[in-house]
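Contents: one structure, followed by commentary.
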Amino acid sequence: MTATIENPRSGQNRSGKIAPQYRRTGGSRGNFEMLAWLFMRLSGVVLVVLIFGHLFVNLMVGDGIHAIDFGFVAGKWADPFWQVWDLAMLWLAMLHGTNGVRTIINDYAEKDSTRLWLKIVLYAATTVIVVLGTLVIFTFNPCPVVDGVQLPGGFCPAA
């Protein structure tokens, strides 16, 4: 008499077909995660260009690091091109970093309540930094006037 013993870990049912252990569902979260993954790759490439351009202009052109002072920043931010460049760098870096930390929170925070509060703190900090950074870039006044007197500096045009 011969008996056939099935391997319990083979995943096969009596018909010989492999039983599905996992099924994908077409939820919206999967689409968001795919877009977040794609954003990380694209923003990373753009950030490399923005950061190396920033470093090249600030450290290699002109007198290098010795020329970086208030006047240098004021001169750069007087040009809308550099305002947009620095704004793009700020926004992309913050969103890229926030997305990365969000992924870490999702992977390592075990309790839903912990995950919720960590994300609230993360999004609040990101919002504050992006709003304040944007305000600084667009409201920066290189030639402030205090009590009717223009503060000294060789970078301000004569009034």
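Of all residue pairs spaced 6 or more apart or on separate chains, those with beta-carbon atoms under 9 Å, a first member in segment 37-63 that is more than 12 Å from L92 (Cβ to Cβ) and a second member that is modelled with pLDDT under 95 and loosely packed, with under 13 Cβ neighbours inside 10 Å are N58/G64; N58/I65; L59/I65.
For segment 27-56, name all the residues that are open to solvent by 90 Å² or more (accessible area, probe 1.4 Å) and of a type in the set (F, W, Y). Those that are open to solvent by 90 Å² or more (accessible area, probe 1.4 Å) and of a type in the set (F, W, Y): F32, W37, F52, F56.
Residues of segment 28-65 that are modelled with pLDDT under 85 and more than 19 Å from T103 (Cα to Cα): V61, G62, D63, G64, I65.
Each row is one residue, and each column tells you yes or no for (1) open to solvent by less than 50 Å² (accessible area, probe 1.4 Å); (2) of a type in the set (A, V, I, L, M).
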| position | (1), (2) |
| --- | --- |
| N58 | yes, no |
| H66 | no, no |
| G71 | yes, no |
| M94 | yes, yes |
| G97 | yes, no |
| I105 | yes, yes |
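Among all residues of segment 130-147, there is none that is under 18 Å from the mean Cα position of the chain (by Cα), open to solvent by less than 40 Å² (accessible area, probe 1.4 Å), among the polar types (S, T, N, Q) and under 23 Å from E33 (Cβ atoms).
The values are calculated or read from the model by the stated rules, or taken from the named source; none is laboratory data. Treat the numbers as computed from the prediction; the structure is a model and nothing was measured. Virtual Cβ from ideal backbone geometry, glycine too; neighbours counted across all protein chains shown. For accessibility, only protein heavy atoms count, side chains too; no ligands or nucleic acids. Shrake-Rupley method; radii C 1.70, N 1.55, O 1.52, S 1.80 Å.
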